[in-house]
Amino acid sequence: MDNEHTNIIDRDWRIRAITTLTKDCKSPSGTVFKTGAPVVAGTFVEYATENIGITLPDPSAIYISIASRASNQGDDYITNNFLDNCVIFKDGHKTLNPEFESVFFDALENQITCIICSYSAIEVFANNSIPDDFHYIKERTNKCGEKYSKEQIERFINLDEKLDKILPGIFSVQSPSGTVIWQKYVWLKKLRDRLIHLKSRDWKSSESEATEYSLWTSLLSKEVINAPDIALSIIEHYLPKDKLRWIIKYRINK
């Protein structure tokens, strides 16, 4: 983002909204802010019984940041070095070296974090994109429809339907359903759901011939490290690539 004003170019990429004044402006209190002064989205938090003003972060950016950091760490330990550093040959087969159990479990935690936070980035983007006064008519088989408010959409409509039926109308774009990126999103969603709604068959020990169905096998997939990019590609489907500052800055600094 080379054309960004020098007063804000070094500000954090995860800020929800930031710009600069194009002309002098006087506040209601009488303070004059000069041209080029930063203007940021802000909010208040309570800390130690006091209200503190903070810069408002973009929730999707926060989740992408967490997922990307976890992706990099998981990539270092699992997809790049797992076989070389963590596996030994014992009793006729390859097995995890006990000396690397802690490293391996840390890496699995990073993979889990990457998947869950990447999915959450999409989910919060979808919810934030729905206008406050928006209503969605959900068709029923009896040709009647149910009317949902923004709050009801957020609570009762699943993310697939938001991405396929609701957001395309809001942003005036085609649904991503059926595309390559949609297939990757479905993969991400299925793995995220397995992690959030963990069943005993997913984590318990399995015989060697059934390892392909194991959750742990899925977490060792190199595709896991691409989860943040999958999330960004879904978000960018609805927006021009130069629309959101945090995405531009993330892409540049990646």
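A short reminder: the numbers here are calculations on the coordinates, not readings from a lab. Being a predicted model, the structure only gives us computed values, none of them experimental. Note that we place each Cβ from the backbone using ideal geometry, even for glycine, and neighbour counts take in every protein chain shown.
Work out the FRET efficiency for residue 202 and residue 51 from their Cβ-Cβ distance, taking R0 = 35 Å, and round it to the nearest 0.05.
0.20
Over the chain, one equal point on each Cα, no solvent: what is log10 I(q)/I(0) by the Debye formula at q = 0.08, 0.11, 0.13 Å⁻¹?
Normalising to I(0) and taking log10 leaves -0.45, -0.78, -0.99.
Stretched out fully, how many nm does the piece from residue 17 to residue 180 gain, at 0.36 nm a residue minus the Cα gap?
Working: separation 163, 0.36 × 163 = 58.68 nm, distance 3.06 nm.
Contour length minus the Cα-Cα distance gives 55.6 nm.
Calculate I(q)/I(0) for the stretch 157-206 by the Debye formula, one identical point scatterer on each C-alpha and no solvent, and give its log10 at q = 0.14, 0.17, 0.25 Å⁻¹ to two decimals.
Per q value, in the given order, log10 I(q)/I(0) is -0.47, -0.61, -0.94.
So what are the ³J(HN,Hα) numbers for the stretch 129-137, from phi and the Karplus equation (6.51, -1.76, 1.60; θ = phi - 60°), rounded to whole Hz, Gly and Pro as x?
Once θ is set to phi - 60°, the couplings for the stretch 129-137 become 7, 7, x, 4, 9, 6, 10, 10, 9 Hz.
Mind scanning 165/189; 162/243; 165/243; 94/199; 184/222; 162/190 and naming the pairs with a C-alpha gap bigger than 24 Å?
94/199
By counting other Cβ atoms within 10 Å of each Cβ, how are 45, 124, 224, 186 ranked from fewest to most?
Fewest-to-most ranking of 45, 124, 224, 186: 45, 186, 124, 224.
What number, rounded to the nearest 500 deg cm²/dmol, is the helix-based mean residue ellipticity at 222 nm of the chain, given -39500 (n - 2.57) per DSSP H run of at least four residues and division by all its residues?
Numbers: 9 runs with 103 residues, N = 254.
Using -39500 (n - 2.57) per qualifying helix, the result is -12500 deg cm²/dmol.
Specify which residue in the list 179, 166, 152 is farthest towards the positive end of the charge dipole of the stretch 151-193, using unit charges on the beta carbon of Lys, Arg (+1) and Asp, Glu (-1), about the Cα centre.
The residue sitting farthest along the positive end of the dipole is 179.
How large is the charge dipole for the chain, taken about the Cα centre, if only the Cβ atoms of Lys, Arg (+1) and Asp, Glu (-1) carry charge, to the nearest 20 debye?
Details: 32 positive and 35 negative charges, 175 e Å.
Once rounded to the nearest 20, the dipole reads 840 debye.
Which number comes out as Rg/Rh for the stretch 1-57 once both Rg and the Kirkwood Rh are worked out on C-alpha atoms?
Numbers: Rg = 13.5 Å, Rh = 13.0 Å.
On the Cα set of the stretch 1-57, Rg over Rh gives 1.04.
Would you kindly state how much longer the chain becomes between residue 5 and residue 96 on full extension, computed as 0.36 nm times their sequence separation minus their alpha carbon distance, in nm to one decimal?
Working it through step by step, the gained length comes to 27.6 nm.
Hey, if you put +1 on the Cβ of every Lys and Arg and -1 on every Asp and Glu Cβ in the stretch 1-157, which of 32, 118, 5 ends up farthest toward the positive end of that dipole?
32
Counting Lys and Arg as +1 and Asp and Glu as -1, each charge on the Cβ, what is the dipole of the stretch 1-57 about the Cα centre in debye, to the nearest 20? Let's see the in-between values first.
On the way: 6 positive and 7 negative charges, 46 e Å.
In total the dipole reaches around 220 debye.
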